[in-house]
1. Just one of 87, 139, 98 is assigned to a strand (DSSP E or B) and either over 23 Å from residue 31 (Cβ atoms) or without any contact (Cβ under 8 Å) to a residue 40 or more places away in the chain (or both); which is it?
2. Among the residues of region 53-80, write down those that are more than 17 Å from residue 43 (Cα to Cα) and either touching a residue at least 24 places away in the same chain (Cβ under 8 Å) or part of a strand (DSSP E or B) (or both).
3. Which of the residues spanning region 104-123 are in a strand (DSSP E or B) and modelled with pLDDT of 95 or more?
């Protein structure tokens, strides 16, 4: 006969009910159907019409005229998190550093990469691109020449002093 059926044996950890405590999200988000590229006044976005962009590219400039490509991914993020954002497409692979700029389920990741950086050539070519953020899932960006056009225009606008 077993005594104290519900109690753990001496020295064995007890199991506790957590009740209403939110459980961590284990699965990466899944890309919704109907995502498409769209150009806004100042950036190229990928997303579903009527919803916030899931991914965006923009050309920005520093005070010295250096052109930068801003890479933004909208997906959950932890405060202070950093990651390498993998882009695969057009016969290239790039890993771009991104920082969490807004935490929570509606998080935001952003990185600014010099437009001259050869890693950005992954955007050129017009083929499909897979964009993966650890814990944020993979976006399958449809084939388009727009990312490459944005990159080339940004590179052409670079007025940074040339290094010898």
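1. After applying the criteria, what remains is 98.
2. Once the filter is applied, which keeps residues that are more than 17 Å from residue 43 (Cα to Cα) and either touching a residue at least 24 places away in the same chain (Cβ under 8 Å) or part of a strand (DSSP E or B) (or both), region 53-80 yields 64, 65, 66, 75, 76, 77, 78, 79.
3. Across region 104-123, the qualifying residues are 108, 109, 110, 111, 112, 113, 114.
The values are calculated or read from the model by the stated rules, or taken from the named source; none is laboratory data. Predicted model, so just to flag it, every value in this text is computed and none were measured. Using ideal geometry, Cβ is built from the backbone for each residue, glycine included, and neighbour counts are taken over all protein chains shown.
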